[in-house]
Amino acid sequence: MATIKGILILTPFFSPNIGGVESHLDDLVDQLNVHKIKSYVLTYSPLTTKTTYLSKEKIGLCQVFRFKWFGYQLFAKLEKYPLLDFLYITPYLLIRSYFWLLFNKNKINIIHSQGFNAAFIGNILAKIFHKKHLCSTHAIYENLNGFSRFLTVKVLKHTDQILCLSKKSQTQLIQWGINAQKISTYKYWVNLKNFSPGNKIQKFTALFVGRLIEKKGIKVILQCAVKIPSVYFIIVGNGPLENYVTKFSKRHKNIQFLGAIPNNKLSEIYRRASIFCIASQYPEGFGRVTMEAVASGLPVIGSNLGSIPEALDNTVSILFKPTSSNFVKIIKSLSTHSKNYQVLQTNCRTYAEKYFSTSNFKIILTTYSLLLNKN
């Protein structure tokens, strides 16, 4: 049986950039370290988070290389234009990754790309350097048509194996013509020691954590907060709407905007809240923040779109069409009917221990082994 020599993780986004994928990759590196597997991360300097960073960093057995790149928040502006987004993200990372592998090819035998842009790079490098290539997807590809869909399918078809976050994502790719045998599903996990229940503040508090863009539903949450002045709202995140949220929060005493907070410092914020709001206006790939919330003892209310219903059931969440009026109705109900709230809250920790533990890493580890033993 072939052994894992080393894993090359290709990703445009990695900590200290803040986001759900970045948090997952921190967890992935942590588990690779636990299993004594060397890994190498090739990525960009933070593109959507203003923060300091190291161009080279060692995290246990993992070595991280961050290539300086321009355009703070440019990625968010280009998301509506797939071709421009591709040109912004892909070519330079491909060049830097090629030269890194040219001198370090013997250190790894698996390329693990994160998302479409990295998969495009991974296919080229895997062919040139004769490496196995695994791609993890982190989203359901919404509104993808024409050439964009054609290119996405072509790239994913040429990977050796694909890991999707949800059955919905897996079904989408199969319907697009990708071989079902090369697609498996996996789940994120959370550090259950870090994300754990704690003492809540007395006032009923709703928490939002996410990118400050319209499709994440931040405006829906702010509209909701205005209509329920008796409930306290904590907003965490950064993005193009940061100035909008800052000005809005200053006009309303029941809204506290904390800005961007690194994932390793978020646990205390979760412990202060009563419920977690996810207001995504599009099909979420998974909604990692909901896992962190449930692990911290917070029932989740909000969007029933995408794969969120796969991650949560009605024992720990109330999911619905994510409109402001629906949020107002549910929050009012939970804040005034303590018995209904307590039932949901009591179930949270057990649910997280059952579904969101590090045992979810096993499917990734198994996939690595299967790849190396394929002809």
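The values are calculated or read from the model by the stated rules, or taken from the named source; none is laboratory data. These numbers come from a predicted model, not from an experiment. No Cβ is skipped: glycine too gets one built from the backbone with ideal geometry, and neighbour counts run over all protein chains shown. Side chains included, ligands, DNA and RNA excluded: accessible areas come from the protein's heavy atoms. Shrake-Rupley method; radii C 1.70, N 1.55, O 1.52, S 1.80 Å.
Largest GNM mean-square fluctuation across ASN304, ASN263, ASN179, computed for the chain with C-alpha springs under 10 Å, falls on ASN179. In this structure, the residue pairs whose Cα-Cα separation is over 30 Å, taken from LYS38/LYS200; LYS107/LYS374; LYS219/LYS265; LYS154/LYS265, are LYS38/LYS200; LYS154/LYS265. Here the extension length gained between ASN243 and GLU214 equals 9.1 nm, from 0.36 nm per residue of separation less the Cα-Cα distance. Between the alpha-carbon centers of segment 105-126 and segment 35-82, tell me the distance in whole angstrom. What the calculation gives is 15 Å, centre to centre. Ranking PRO46, ILE140, GLY6 by Cα position along the charge dipole of segment 1-141, where only Lys, Arg, Asp and Glu carry charges on their C-beta atoms, puts GLY6 farthest toward the positive end.
Each of ASN254, PHE233, SER317 was placed along the dipole of segment 201-321 (beta-carbon charges, centred on the mean Cα), and the one lying farthest toward the positive end is ASN254. If both residues of a DSSP beta bridge must be in the chain, then about 10% of such bridges are antiparallel.
Structure note, pairs LYS187/LYS250; LYS127/LYS187; LYS68/LYS157; LYS332/LYS354; LYS80/LYS168: Cα-Cα distances above 32 angstrom occur for LYS187/LYS250.
Fully extending the segment from TYR81 to LYS107, taken as 0.36 nm per residue of separation minus the present Cα-Cα distance, adds 5.7 nm. Computed from the C-beta positions of LYS362 and HIS130 and an R0 of 35 Å, the FRET efficiency is 0.80 to the nearest 0.05. Rounded to the nearest Å, what's the spacing between the alpha carbon centres of segment 157-200 and segment 13-28? Just the number, please. Cα centroid of segment 157-200 versus Cα centroid of segment 13-28: 16 Å apart.
The candidates TRP176, TRP69, TRP189, arranged from most to least accessible area with a 1.4 Å probe in the full protein assembly, appear as TRP69, TRP176, TRP189.
Relative contact order of the chain: 16 percent, from C-alpha pairs under 8 Å at least 6 residues apart in sequence.
Multiplying the residue separation of GLU353 and LYS200 by 0.36 nm and removing their Cα-Cα distance gives an extension gain of 53.0 nm.
Sorted on the mean count of surrounding Cβ atoms within 10 Å across their residues, most packed first, peptides 255-262, 295-302, 234-241 read 295-302, 234-241, 255-262.
By the helix-only formula, in which each DSSP H run with n ≥ 4 contributes -39500 (n - 2.57) and the sum is divided by residues, the chain has a 222 nm mean residue ellipticity of -12500 deg cm²/dmol.
Simple spin-label estimate for LYS265 and LEU372 gives 3.8 nm between the two label positions (7 Å along the Cα-to-Cβ direction from each Cα).
Its Cα centre serving as origin, the chain has a Cβ charge dipole (Lys and Arg +1, Asp and Glu -1) of approximately 260 debye.
Between LEU102, ASN17, LEU74, the Cα set farthest toward the positive side of the dipole of segment 1-103 (charges on each charged residue's Cβ, about the Cα centre) is that of LEU102.
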